[in-house]
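> To start, I am sharing the structure in question, which I have written as structure tokens.
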Amino acid sequence: MVTQDQVKELSERCDALKRYLDIDSKKIEVEEEELRTHVPDFWEHREAAEAQMKKIKDIRFWIESYEALEKQVEELRLAFDFVKEGLVTEEEVDAQYEEVLKEIENLELRNMLRREEDKLGVVLKINAGAGGTEAQDWAQMLMRLYMRYGERHGYKTTIANLLEADDAGIKSVTINIEGDYAYGYLKSENGVHRLVRVSPYNAQGKRMTSFASVFVTPLVDDTIEVNIQPALISWDTFRSGGAGGQNVNKVESGVRLRYQFKDPYTGEEEEILIENTETRDQPKNKENALRHLRSILYEKELAHRMEEQAKIEAGKKKIEWGSQIRSYVFDDRRVKDHRTNYQTSDVNGVMDGEIDAFIKAYLMEFAAEEPHS
């Protein structure tokens, strides 16, 4: 059974969170912000009104989450005392302790996500590396992993663009994952993922190594200002691919956006290419492609902002985007993150989207080094 010291430690962590989150100030703040909604013409300016309601909701989240946690800690204290009187079993207290511990860790992690973009959704792109069918199969497995992660967390997941391989698997996929703090959590997935397994596509049954890259950018919403110059955009249209038969797309609903980007800081020029086949409605696909462009431009600005922060230079080698971040070794039943050294033998769970422990380990190690907006 848990000890009195363990219960006391949780209680102290709860008190510390109250100070970190400044709950008393937030209660005053939410009252002041709610007063702004009582003016007669509040809903006449819908965008501003919705932004104000979202602001209130965000503050309330912290207050309500903390109050729920405080109540759980108090119930744990009482349960611990009731064991002596035989009113509660030791097993029940242990289970209650684990539940409270999980909740306090979740809130502590959420508190680490302080940057403006952390609360946004995610554009997550997966590209198969060299290695043919095996790498393409690996890319498809990663696609399922992140789709399952999104489902587990109640996020909305949409496939914005999918390029299937000729034999099996996929060459690339772009997934939009929408929900509170999706980017804050999934930014830890940015980099190269390595698979080691006995390949079902190898006739000799040899152990093979495959790679796939995962690129994570914030899914920019209408509250973020991004400067897009229409004169630098050109469009192509094409027929969306399909399996044929009834489902083949007869009209050119797929769109290809080209944007001639010039970095305002370095002067370097590049063409940004975005394809979208999300719907059969061409205007809707154009809208989605523009949204993706805004996310990429916003991410470039963020990258510049981060480079300007000297404080993260020391940890840059560890978190450099594009470096190999994690190995999935199937026959040894091991998944290991090379940045944090966290590993698990639950390969099936990880491939089914259970990656919270990896995300937590990453945030615990690196979130403190990130610059706050």
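The values are calculated or read from the model by the stated rules, or taken from the named source; none is laboratory data. A quick note: this is a predicted structure, and the numbers were derived from the prediction, not measured. Because the Cβ atoms are built from the backbone with ideal geometry, glycine has one as well, and the counts that use them run over all protein chains shown. Remember, those area values only see protein heavy atoms, side chains included, never the ligands or the DNA or RNA. Shrake-Rupley method; radii C 1.70, N 1.55, O 1.52, S 1.80 Å.
> For the list (1) touching a helix residue (DSSP H, G or I) at 6+ places or on another chain (Cβ under 8 Å); (2) surrounded by 14 or more Cβ atoms within 10 Å (Cβ to Cβ), I need the number of the one condition that PHE82 fails.
Result: PHE82 passes all but (1).
> Any residue at all in region 46-59 that is within 30 Å of GLU98 (Cβ to Cβ) and in contact (Cβ under 8 Å) with a residue 60 or more places away in the chain? Working first, answer last.
Step one: of region 46-59, the residues within 30 Å of GLU98 (Cβ to Cβ) are 57-59.
Still in the list and also in contact (Cβ under 8 Å) with a residue 60 or more places away in the chain: 58.
The answer is yes, given that some residue of region 46-59 is within 30 Å of GLU98 (Cβ to Cβ) and in contact (Cβ under 8 Å) with a residue 60 or more places away in the chain.
> Give region 111-140 a look and list any residue that's over 30 Å from SER199 (Cα atoms) and open to solvent by 40 Å² or more (accessible area, probe 1.4 Å), or say none.
Across region 111-140, the qualifying residues are MET112, ARG114, GLU116, LYS119.
> Does region 22-34 contain any residue that is of a type in the set (Val, Ile, Thr) and assigned to a loop (DSSP other than H, G, I, E, B)? Give the steps one after another, and end with the answer.
Taking region 22-34 and keeping what is of a type in the set (Val, Ile, Thr), we get 23, 28, 30.
Narrowing the set further to residues that are assigned to a loop (DSSP other than H, G, I, E, B) leaves none.
Within region 22-34 (the criterion being of a type in the set (Val, Ile, Thr) and assigned to a loop (DSSP other than H, G, I, E, B)), the answer is no, since none of the residues qualifies.
> What number of residues in region 207-257 are open to solvent by 70 Å² or more (accessible area, probe 1.4 Å), out of contact with any Asp or Glu (no Cβ under 6 Å at 6 or more places or on another chain) and modelled with pLDDT under 85?
Counting residues in region 207-257 that are open to solvent by 70 Å² or more (accessible area, probe 1.4 Å), out of contact with any Asp or Glu (no Cβ under 6 Å at 6 or more places or on another chain) and modelled with pLDDT under 85 gives 11.
> Let me ask something else about it. Would you check if there is a residue in region 35-50 being out of contact with any helix residue (DSSP H, G or I) (no Cβ under 8 Å at 6 or more places or on another chain) and open to solvent by less than 50 Å² (accessible area, probe 1.4 Å)? Explain how you work it out, then say what you get.
From region 35-50, those out of contact with any helix residue (DSSP H, G or I) (no Cβ under 8 Å at 6 or more places or on another chain) are 35, 38-41, 44-48, 50; that's our starting set.
Those left that are additionally open to solvent by less than 50 Å² (accessible area, probe 1.4 Å): none.
No, region 35-50 has no match at all.
> Checking TRP62 against (1) open to solvent by 90 Å² or more (accessible area, probe 1.4 Å); (2) part of a helix (DSSP H, G or I); (3) over 19 Å from GLU9 (Cα atoms), which single condition isn't satisfied?
Every listed condition holds for TRP62 apart from (1).
> Return the pairs, sorted by first residue and then second, in which the second residue is at pLDDT 95 or above, the first residue lies in region 145-158 and is aliphatic (A, V, I, L, M), the beta carbons are less than 8 Å apart, and the residues are 6+ apart or on different chains.
These pairs meet every condition: LEU145/VAL350; LEU145/MET351; LEU145/ASP352; LEU145/GLY353; LEU145/ILE355; MET147/THR157; MET147/ILE175; MET147/GLY353.
> Let me ask you something else. I'm trying to understand the selection: among the residues of region 141-176, which are part of a helix (DSSP H, G or I), surrounded by fewer than 21 Cβ atoms within 10 Å (Cβ to Cβ) and not hydrophobic (A, V, I, L, M, F, W, C)?
Passing the criteria: ARG144, ARG148, GLU151, ARG152.
> Please count how many residues of region 1-27 are open to solvent by 100 Å² or more (accessible area, probe 1.4 Å) and over 18 Å from LEU107 (Cβ atoms).
Counting residues in region 1-27 that are open to solvent by 100 Å² or more (accessible area, probe 1.4 Å) and over 18 Å from LEU107 (Cβ atoms) gives 3.
> Among all residue pairs at least 6 apart or on different chains, which show Cβ distances below 7 Å where the first residue, located in region 177-204, is farther than 19 Å from LEU302 by Cβ and the second is of a type in the set (A, V, I, L, M) and not in a strand (DSSP E or B)?
Qualifying pairs under 7 Å: HIS193/LEU142.
> So which residues in region 331-362 are closer than 11 Å to LEU145 by Cα and assigned to a strand (DSSP E or B)?
None - no residue of region 331-362 is closer than 11 Å to LEU145 by Cα and assigned to a strand (DSSP E or B), so the list stays empty.
> What number of residues within region 85-107 satisfy the criterion of being out of contact with any Leu (no Cβ under 7 Å at 6 or more places or on another chain) and either assigned to a helix (DSSP H, G or I) or open to solvent by 80 Å² or more (accessible area, probe 1.4 Å) (or both)?
Total satisfying the criteria: 13.
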